[in-house]
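The values are calculated or read from the model by the stated rules, or taken from the named source; none is laboratory data. No experiment lies behind these values; they were computed from the predicted model shown. Here the Cβ is made from the backbone with ideal geometry for all residues, glycine too, and neighbour counts use every protein chain on show. Ligands, DNA and RNA are stripped out before the accessible areas are found, and what is left, the full protein with its side chains, is counted by its heavy atoms. Shrake-Rupley method; radii C 1.70, N 1.55, O 1.52, S 1.80 Å.
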Amino acid sequence: MTSVTTNTTFAEAKTGVFLDVEECPIPEDLDPKSLYQNIRTALANKGYHGEVSIKAFGDRNQIPGYFESAGIEIHPVGDKRLRIREMLISFFHWLYTNKPELCNVMIISRNGMEFASALHSCKELGHNILVANPLHGPKICQCGCKTKSYDLITEMWLWETLADGGDPLVKTKREEEVSNEEEEDDVSEDLSSFTRTFSSFVCC
């Protein structure tokens, strides 16, 4: 696993956090402000000291200003496919806006496989990839049976630990992904061409 504490390029780089708040909801004992601070703390503890921006997707019934007052940009999209599509648009737009800087990007979702193509494109552009998945959600494959996305990732957190400001998982102790036959695979296939279109836009 790469150590960012010795990589000055990413230690002071901007970090964009893209959170699926429908599938990774804020823990009951936290609010958006404490969540924002805890994520910043977790990143700083791993050597990331640059500007942090968080974009949340979902929670159509949230109280107006609930996220914004904490500095979190909210995109209230409920439908799963539309939500992932909106996350991808925002993801690539953020990278394009910050060209030619190299950045840290963090995807927080139940199933990182949905963003495999985006992560590959991001890595090819030279960016640093971080992810977080919930404790009981499917994880990005470690055994190489579906994708080599795992090899692209610098740090991986459990969502519950990240939300509490904790440390990422240790690579040698991560469990291998259990085969997942749920609808997420269909979503990933549907969005693959969409991802390629936006990644080519960022490369321009």
- Name the residues in region 80-116 that are polar (S, T, N, Q) and not in a loop (DSSP other than H, G, I, E, B), would you? Ser90, Thr97, Asn104
- Among the candidates Arg81, Arg110, Arg85, single out the residue that is over 23 Å from Glu155 (Cβ atoms), in contact (Cβ under 8 Å) with a residue 60 or more places away in the chain and surrounded by 18 or more Cβ atoms within 10 Å (Cβ to Cβ). Arg85
- Query: Considering region 113-152 alone, what residues qualify as being under 18 Å from Asp167 (Cβ atoms), open to solvent by 20 Å² or more (accessible area, probe 1.4 Å) and modelled with pLDDT of 75 or more?
  - Reply: Leu135
- Note on the structure: Note on region 47-75: residues more than 20 Å from Glu86 (Cα to Cα) and crowded, with 20+ Cβ neighbours inside 10 Å are Tyr48
- Message: Looking for something over 16 Å from the mean Cα position of the chain (by Cα) and basic (Lys, Arg) - is there at least one such residue anywhere in region 29-42?
- Response: yes
